[in-house]
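The values are calculated or read from the model by the stated rules, or taken from the named source; none is laboratory data. Computed from a predicted model, the values in this text were never measured in an experiment. Cβ sites come from the backbone with ideal geometry, for glycine too, and all protein chains shown count toward neighbours.
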Amino acid sequence: MASRLLYLVRHGEQDRPEAEADTGLSERGRRQATLLAERLRRLPFAAVHHGPARRAVATAQVIAAALPGVPVHPDEIVGDHLPHDTNPVGLPPAYARFLAGFTERERADGPRRTAEAIARLAAPPTAGDVRELVVTHNFLIAWFVRHALDAPERRWLGLNHHNCGLTVIRYSSGGPPNLIAFNDVAHLPPELRGTGLPSDYLV
């Protein structure tokens, strides 16, 4: 029976997001990534995937340094994009306003990339067992979780993750996906976790 253990990691805290859309990690973000790397260093990963944003690249670099010999793959399909062109009708006003901020192109390109990510990663391998790590963003992790639970499409909204939080999903040829861990931050001391406010999850 073949299985894929997919480790989904939200990037570390971004440096100065209010000043520029695509910046690297803050000092807190580097500490978060270092502690996560220490937690993962003994796991036999087959590959590390990361999106193109600088905060995702920097987080993946810190983790990869603790995983010598593991190949690292940049890939836009695990980047920061709208995962689904969700109909705002019936949603809370805050969600409807948020969705209205995306352009027509973003509403087309984001779901296309998400569908490719799901097709490539959210399935068991053809044979054997594999363990892969994806350094990505809050929205895509939320979509993977929604997909694994076969929840309504709009349910990706409101699934929020701490910086360097760890979510693990098992895909097996013997049955449906299993959500093993969700937003696990046991490797982070309280002062390096988010506040739980919505602003924590917008980048």
*Which number in (1) surrounded by 18 or more Cβ atoms within 10 Å (Cβ to Cβ); (2) over 18 Å from HIS81 (Cα atoms); (3) of a type in the set (S, T, N, Q) marks the one condition that THR136 misses?*
(2)
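Table: residues versus (1) surrounded by fewer than 23 Cβ atoms within 10 Å (Cβ to Cβ); (2) touching a residue at least 40 places away in the same chain (Cβ under 8 Å); (3) hydrophobic (A, V, I, L, M, F, W, C).
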| position | (1), (2), (3) |
| --- | --- |
| ARG4 | yes, yes, no |
| LEU25 | no, no, yes |
| GLY29 | no, yes, no |
| GLN32 | no, yes, no |
| GLU38 | yes, yes, no |
| GLY51 | no, yes, no |
| GLY79 | yes, yes, no |
*Which is outside any helix (DSSP H, G or I), in contact (Cβ under 8 Å) with a residue 12 or more places away in the chain and closer than 22 Å to ARG55 by Cα, of VAL135, VAL130?*
VAL135
*Among the residues of region 80-98, write down those that are at negative phi and among the small types (Gly, Ala, Ser).*
ALA94, ALA96
_Which listed residue is under 17 Å from VAL9 (Cα atoms), touching a helix residue (DSSP H, G or I) at 6+ places or on another chain (Cβ under 8 Å), crowded, with 21+ Cβ neighbours inside 10 Å and modelled with pLDDT of 95 or more, from ALA142, ALA122_ = ALA142
*Looking at THR86, THR34, which one is polar (S, T, N, Q), within 26 Å of ARG155 (Cβ to Cβ) and modelled with pLDDT of 95 or more?*
THR86
*Can you name the residue in region 81-97 that is touching a residue at least 40 places away in the same chain (Cβ under 8 Å), of a type outside the set (Ser, Thr, Tyr) and surrounded by 15 or more Cβ atoms within 10 Å (Cβ to Cβ) and is also farthest from ASP22 (Cα to Cα) among such residues?*
LEU91
*asked:* Looking only at residues that are of a type outside the set (A, V, I, L, M, F, W, C) and surrounded by fewer than 21 Cβ atoms within 10 Å (Cβ to Cβ) in region 160-171, which one is farthest from ALA119 (Cα to Cα)?
replied: ASN160
*Give the residues of region 147-159 that are crowded, with 19+ Cβ neighbours inside 10 Å and either farther than 14 Å from LEU6 by Cβ or among the acidic types (Asp, Glu) (or both), sorted by residue number.*
TRP156, LEU157, LEU159
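So that you can scan it fast, the table gives a plain yes or no per residue for (1) charged (D, E, K, R); (2) over 20 Å from ALA186 (Cα atoms):
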{"site": "ALA2", "(1), (2)": "no, yes"}
{"site": "VAL9", "(1), (2)": "no, no"}
{"site": "LEU25", "(1), (2)": "no, yes"}
{"site": "LEU35", "(1), (2)": "no, no"}
{"site": "GLU38", "(1), (2)": "yes, no"}
{"site": "ALA58", "(1), (2)": "no, yes"}
{"site": "ALA100", "(1), (2)": "no, yes"}
